[in-house]
Amino acid sequence: MLLDAHVHLSDPELLEAEGIILPACVKANIACACVSADPSTSAESLKLGQRWPGTVFPFIGLHPWEVDEGRLRATLELLEDPGLAISGVGEIGLDGRAMKEKGREAVLRAFELQLRVAERKGLPVSVHCRDAVAETLEVLSTFSLRRVLLHWFTGEAGQLSQAMQRGWYVSVGPSLLYSKRSAEVAASADRELLLIESDGPVRYGDLLEGRPATPLILPSVLLKLSQLWGMRPEDVEVQLERNGRLYLGIT
């Protein structure tokens, strides 16, 4: 099993292609940590998890760009519902620009309240930290969280070292195929704490001729990673599978 550690399958752009993308994932033995951005996509992620058990692992969360009181309240109600099969909490976090536009305290409060639920329930979290890596690491360090993923990590070497020392995962995605910074992260990270992701439906310039990324790009990311690590692709796949299962908390 190869895990796409961060993909927005409940985004309308990918949801409409469910009948194409997810059967292909089943055939390719690719599982998906399906992150959400708001209550609407969270509800869709849960439905996908019901329709595709063992392939879609639904994460519920409120993205920093979507923070407002109504959405936060609805998201927390979903997270607290004991009848829902929730695999993790995400995409949550801090964003430098969002904190300027929406208010630092509102974004920080939403992050902390969702982390509190994850801590209490022992759920993995998928964390956004664009333009706010230092503050994100500081907030995370105040919680006792079992499994943390800093998705699409772009922090400095010292921040990467801090994350590794705390046993937190970082992920790289299709940008690994062209970005020196992503290659530096992948080469420097503890191999037992690295995951790969598509972050679909993000577009990566001309990489996919402007089309949205899907989990099916992961084998290309794995191949590039094997070149960076100087390992056979099949050995890298074994390592990534182990990492993914530990992150999700599955056997």
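Some values worked out for this structure:
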quantity	calculated
Column: log10 I(q)/I(0), Debye, Cα scatterers of the range 59-165, q = 0.17, 0.18, 0.20, 0.22 Å⁻¹	-0.73, -0.82, -1.00, -1.19
Carbon and sulfur %, accessible surface of the chain computed with the full protein complex present, 1.4 Å	49
The chain, dipole about Cα centre (Lys/Arg Cβ +1, Asp/Glu Cβ -1), debye to the nearest 20	440
Average accessible surface area per residue within the range 112-251, 1.4 Å rolling probe, Å²	46
Once the Cα gyration tensor of the chain is diagonalised, semi-axes √(5λ) in Å	25, 22, 17
Separation between Cα centres of the range 62-136 and the range 151-165, rounded to whole Å	20
Sequence ranges 59-65, 152-158, ranked by mean other-Cβ count within 10 angstrom, highest first	59-65, 152-158
Net lengthening on full extension, residue 20/residue 223 (0.36 nm per residue, minus Cα-Cα)	70.7 nm
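The values are calculated or read from the model by the stated rules, or taken from the named source; none is laboratory data. Worth saying up front: this structure is predicted, and the values here are computed from it rather than measured. We place every Cβ from the backbone using ideal geometry, glycine too, and count neighbours over all the protein chains shown. Surface areas here come from the heavy atoms of the whole protein model, side chains and all, with no ligands, DNA or RNA. Shrake-Rupley method; radii C 1.70, N 1.55, O 1.52, S 1.80 Å.
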